[in-house]
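Colleague: I have a structure I would like to understand better, so I am pasting it below and will then ask my questions one at a time.
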Amino acid sequence: MPDVFRLLLIADIHSATRDAPEANRRCRLGRELFRRALDDARLRGGFDAVALLGDLLDDGTRDDADELLAGLRAELDAAAPDAPLLVAPGNHDGDPERLLRALGARAGLHELADRDGAAYRFVVFADPYVEAKYCTRPGEALAWTQTLRDGGAPLVAVQHNPLSPLIEADYPYMHVNRDEILLGYKRAGVNLSISGHYHAGQALNRVGGVQYFTAPALCEPPFRYAMLFLRGREVSAEVRPLVAPAAADIWDCHAHTEFAYCAKDVTADAVIERARAFGLAGVCLVEHAPQLYCAREKFWDGRHVVEPALWRQGADARMPRFREAIPPKRGEFVRVGLEVELDADGALTLRDEDRDWPHPLVGAIHWLPEDPSGMTESQFAECFLRTNEKLLANGIDVLAHPFRVFAWQKRQAPADLYVPVAEMLAAYGCAAEINFHCNQPEEEFFAVCLERGVKISFGSDAHELREAASFGPHLDLLHRIAPGRDVADLLYHP
Ligand SMILES: [Zn+2]
Ligand SMILES: [Zn+2]
Ligand SMILES: [Zn+2]
């Protein structure tokens, strides 16, 4: 079976330093939405190229345009540095040359290949606008399209304005010379034409042997992007909203706050806001308990685990400040818990005065309570199981990133631990967390958990705001291991 070319489509980001509420656009969130879409797509099978379908900016004539474009470019560098980039300028982008330069892209013909070497030709148009609104395909571009005929590899046309089906509206969504373009595509043997601009999007459709697709706008809820799968001349499309489906009743059961030493830009308030914006049923603010008891440097080398006095008696505890600031945010939508560990004495890293109030208690193994350096694989595995058992016996609600300590110790998590860990979780009534933060969840393990009736918890483990409430990969995983099952039934609810 031939491989598939996976094309990520992002349209109408409308990035700006102020929102456009009258148009329902979350412009200020533009850069973050862009990064969320890139990360979501990367963790859900990845992509072979990125097509940005115009209106990256809400107003490209403003002074902040360069800075906003640099921000978008920075997200590409971070999340998709090697992906070929196709950019069709839109009517809101201002100078099309400036846009292309800022992103390191160009209009015209691009030849790209899938992982098996099957080639595709992408032809990107930068159509001019009058009054930033009326769009025309110039005669020379129409003529040039005809020279691409009989070129072998399937031809994909890329532009900002939608071409099919016809949109009848007062606003000029479509090219002034749309009919000419459609006819030209048919004659040139264009296989597929992709667009943005029409924020509702248009499903894959076929006219005169040409397939057309319009990607919905990223900037408006439910914040959608699209994947196109090309297999020769065969095309299929998948539209993916970043907002979670309400019926799944998803809680983010593990999000950090400004109190984490490892926090990048998360704050409790912003995490709550994102949980609402991305359609969650609620969010648990869960902070590292040992980080609230001891100083930064004592946490980072895991000394608090082997020297319990550090977290028990540390005079530099920030817990009182945390308790003053965060638990008052509790309500229907917000829970406040702690991420706890097991120390070398076999105790939870939780002082007596903090036993009653946190919920949920998320248990994690970041360091084993014994020195792992000389351990054989089987000694490490045994120590891991013992630590898990004690952690669970102490009454945690969720087991965070269950096997991550193996990867962090540059070891492989043995698959024969899946059953014993799942059985422990079932026996103690503890949920297993799917967590993609610096972590690759073991799919098979979660399947074993479901067989034993263990609840699944979704944890963004957000240390950066863009991670909060981002559960596309988690949902995909659950759908793969439990096809047809009701997600809400499988999930842990705090
Ligand atoms: Zn537009
Ligand atoms: Zn953790
Ligand atoms: Zn965490």
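Colleague: Going by the conditions given, is Glu273 outside any loop (DSSP other than H, G, I, E, B), at pLDDT 95 or above, surrounded by 15 or more Cβ atoms within 10 Å (Cβ to Cβ) and out of contact with any Phe, Trp or Tyr (no Cβ under 8 Å at 6 or more places or on another chain)? Before you say what the answer is, go through the steps one by one.
Modeller: Numbers: outside any loop (DSSP other than H, G, I, E, B): yes; at pLDDT 95 or above: yes; surrounded by 15 or more Cβ atoms within 10 Å (Cβ to Cβ): yes; out of contact with any Phe, Trp or Tyr (no Cβ under 8 Å at 6 or more places or on another chain): yes.
Answer is yes for this residue.
Colleague: Can you tell me which of (1) touching a strand residue (DSSP E or B) at 6+ places or on another chain (Cβ under 7 Å); (2) within 25 Å of Asp3 (Cα to Cα); (3) at pLDDT 95 or above is the one Pro81 doesn't meet?
Modeller: For Pro81, the exception is condition (1).
Colleague: Next up: If a residue has to be away from ligand 3 (no atom under 16 Å from the Cβ), surrounded by 14 or more Cβ atoms within 10 Å (Cβ to Cβ) and either under 30 Å from Ala407 (Cα atoms) or in contact (Cβ under 8 Å) with a residue 40 or more places away in the chain (or both) to count, how many in region 324-334 make the cut?
Modeller: 4
Colleague: Restricting to region 164-177, and then to whatever is of a type outside the set (A, V, I, L, M, F, W, C) and within 13 Å of Val207 (Cα to Cα), can you tell me which residue is surrounded by the most Cβ atoms within 10 Å (Cβ to Cβ)?
Modeller: This residue is Ser164.
Colleague: Quickly run through region 4-24 and pick out the residues that are farther than 30 Å from Val235 by Cα and part of a strand (DSSP E or B).
Modeller: Within region 4-24, the first condition is being farther than 30 Å from Val235 by Cα, and the residues that meet it are 16-24.
Of everything in region 4-24, just one residue is farther than 30 Å from Val235 by Cα and part of a strand (DSSP E or B), namely Ala20.
Colleague: Looking at region 116-125, is at least one residue of a type outside the set (Phe, Trp, Tyr) and under 14 Å from Leu52 (Cα atoms)? Quick ask: steps written out before the conclusion?
Modeller: Keep residues of region 116-125 that are of a type outside the set (Phe, Trp, Tyr), which gives 116-119, 121, 123-124.
Still in the list and also under 14 Å from Leu52 (Cα atoms): 123-124.
Scanning region 116-125 turns up at least one residue that is of a type outside the set (Phe, Trp, Tyr) and under 14 Å from Leu52 (Cα atoms).
Colleague: Still on this structure: Among what's in region 233-265 and is of a type in the set (Ser, Thr, Tyr) and without any contact (Cβ under 8 Å) to a residue 40 or more places away in the chain, pick the residue that is farthest from Gly484 (Cα to Cα).
Modeller: Quick first cut of region 233-265, residues of a type in the set (Ser, Thr, Tyr) only: 236, 257, 261.
With the extra rule that they be without any contact (Cβ under 8 Å) to a residue 40 or more places away in the chain, the set shrinks to 236, 261.
Working: Ser236: 22, Tyr261: 40 Å.
Selected residue: Tyr261.
Colleague: Check region 189-203 and report whether any residue there is more than 28 Å from the chain's Cα centre (by Cα) and buried (at least 20 other Cβ atoms within 10 Å of the Cβ). Spell out how you get there, then give the answer.
Modeller: Going residue by residue through region 189-203, those that are more than 28 Å from the chain's Cα centre (by Cα) are 189-191.
Now drop any that are not buried (at least 20 other Cβ atoms within 10 Å of the Cβ), which leaves 190-191.
Yes - at least one qualifying residue is present in region 189-203.
Colleague: Here is a list of conditions, (1) assigned to a loop (DSSP other than H, G, I, E, B); (2) away from ligand 1 (no atom under 16 Å from the Cβ); (3) surrounded by 22 or more Cβ atoms within 10 Å (Cβ to Cβ), and Gly54 meets all of them except one; can you say which number that is?
Modeller: Gly54 satisfies every listed condition except (2).
Colleague: Just one of Arg36, Arg73 is surrounded by fewer than 18 Cβ atoms within 10 Å (Cβ to Cβ), in the same structural domain as Pro162 (by TED's automatic domain parsing), in contact with a helix residue (DSSP H, G or I) (Cβ under 6 Å, 6 or more places away or on another chain) and at pLDDT 95 or above; which is it?
Modeller: Arg73
Colleague: OK, next. Of all residues in region 335-370, which are within 16 Å of ligand 3 (Cβ to nearest atom), assigned to a loop (DSSP other than H, G, I, E, B) and not β-branched (Val, Ile, Thr)?
Modeller: Within region 335-370, Glu341, Leu350, Pro358, Pro360, Ala364, His366, Trp367 qualify.
Colleague: Confirm whether Arg31 is crowded, with 16+ Cβ neighbours inside 10 Å, in contact with an Asp or Glu (Cβ under 7 Å, 6 or more places away or on another chain) and not in a loop (DSSP other than H, G, I, E, B).
Modeller: Details: crowded, with 16+ Cβ neighbours inside 10 Å: yes; in contact with an Asp or Glu (Cβ under 7 Å, 6 or more places away or on another chain): yes; not in a loop (DSSP other than H, G, I, E, B): yes.
It is true that Arg31 is crowded, with 16+ Cβ neighbours inside 10 Å, in contact with an Asp or Glu (Cβ under 7 Å, 6 or more places away or on another chain) and not in a loop (DSSP other than H, G, I, E, B).
Colleague: Quick one: would you say Glu220 is touching a Lys or Arg at 6+ places or on another chain (Cβ under 9 Å), surrounded by fewer than 23 Cβ atoms within 10 Å (Cβ to Cβ), part of a loop (DSSP other than H, G, I, E, B) and on the phi < 0 side of the Ramachandran plot?
Modeller: Numbers: touching a Lys or Arg at 6+ places or on another chain (Cβ under 9 Å): yes; surrounded by fewer than 23 Cβ atoms within 10 Å (Cβ to Cβ): yes; part of a loop (DSSP other than H, G, I, E, B): yes; on the phi < 0 side of the Ramachandran plot: yes.
Taking the combined requirement at face value, the residue satisfies it.
Colleague: Which residue is nearest to ligand 2 (Cβ to nearest atom), if the candidates are limited to region 12-28 and must be hydrophobic (A, V, I, L, M, F, W, C) and surrounded by fewer than 18 Cβ atoms within 10 Å (Cβ to Cβ)? I'd like the intermediate steps shown before the answer.
Modeller: Of region 12-28, the ones hydrophobic (A, V, I, L, M, F, W, C) are 13, 16, 20, 23, 27.
Filter once more, so that each one left must be surrounded by fewer than 18 Cβ atoms within 10 Å (Cβ to Cβ): 20, 23.
On the way: Ala20: 38, Ala23: 40 Å.
The qualifying residue nearest to ligand 2 (Cβ to nearest atom) is Ala20.
Colleague: Something else now. List every residue pair whose Cβ atoms lie under 6 Å apart, where the two residues are 6 or more positions apart in sequence or sit on different chains, the first residue falls within region 126-149 and is farther than 16 Å from Lys186 by Cβ, and the second residue, located anywhere, is among the basic types (Lys, Arg).
Modeller: Asp127/Arg137
Colleague: Still on this structure: Of the conditions (1) within 16 Å of ligand 2 (Cβ to nearest atom); (2) crowded, with 19+ Cβ neighbours inside 10 Å; (3) in a loop (DSSP other than H, G, I, E, B); (4) over 21 Å from the mean Cα position of the chain (by Cα), Glu287 satisfies every one except a single condition; which number is it?
Modeller: Among (1) within 16 Å of ligand 2 (Cβ to nearest atom); (2) crowded, with 19+ Cβ neighbours inside 10 Å; (3) in a loop (DSSP other than H, G, I, E, B); (4) over 21 Å from the mean Cα position of the chain (by Cα), Glu287 violates only (3).
Colleague: One residue is enough: does region 102-111 have a residue meeting the conditions more than 16 Å from ligand 2 (Cβ to nearest atom), touching a residue at least 40 places away in the same chain (Cβ under 8 Å), surrounded by fewer than 16 Cβ atoms within 10 Å (Cβ to Cβ) and charged (D, E, K, R)?
Modeller: Yes, region 102-111 contains a residue that is more than 16 Å from ligand 2 (Cβ to nearest atom), touching a residue at least 40 places away in the same chain (Cβ under 8 Å), surrounded by fewer than 16 Cβ atoms within 10 Å (Cβ to Cβ) and charged (D, E, K, R).
Colleague: Now for a separate question. Mind listing just one residue for me: the one in region 432-489 that is at positive phi and surrounded by fewer than 21 Cβ atoms within 10 Å (Cβ to Cβ) and, of those, farthest from ligand 1 (Cβ to nearest atom)? Steps first, answer last, please.
Modeller: Residues of region 432-489 at positive phi: 438, 453, 461, 469, 484.
From what is left, the residues that are surrounded by fewer than 21 Cβ atoms within 10 Å (Cβ to Cβ) are 438, 453, 484.
Values: Cys438: 37, Gly453: 50, Gly484: 39 Å.
That would be Gly453.
Colleague: Does region 100-136 hold any residues that are part of a strand (DSSP E or B) and of a type in the set (A, V, I, L, M), and which are they?
Modeller: Leu109, Leu112, Ala113, Ala119, Val123, Val124, Val130
Colleague: Being out of contact with any helix residue (DSSP H, G or I) (no Cβ under 8 Å at 6 or more places or on another chain) and either touching a residue at least 60 places away in the same chain (Cβ under 8 Å) or surrounded by fewer than 16 Cβ atoms within 10 Å (Cβ to Cβ) (or both) is the filter here, so list the residues in region 308-323 that pass it.
Modeller: Residues satisfying the conditions are Ala309, Gln313, Ala315, Asp316, Pro320, Arg321.
The values are calculated or read from the model by the stated rules, or taken from the named source; none is laboratory data. The structure displayed is predicted, hence computed values, not measured ones. Heads up, the Cβs are rebuilt from the backbone with ideal geometry, glycines too, and the neighbour counts pull from every protein chain shown.
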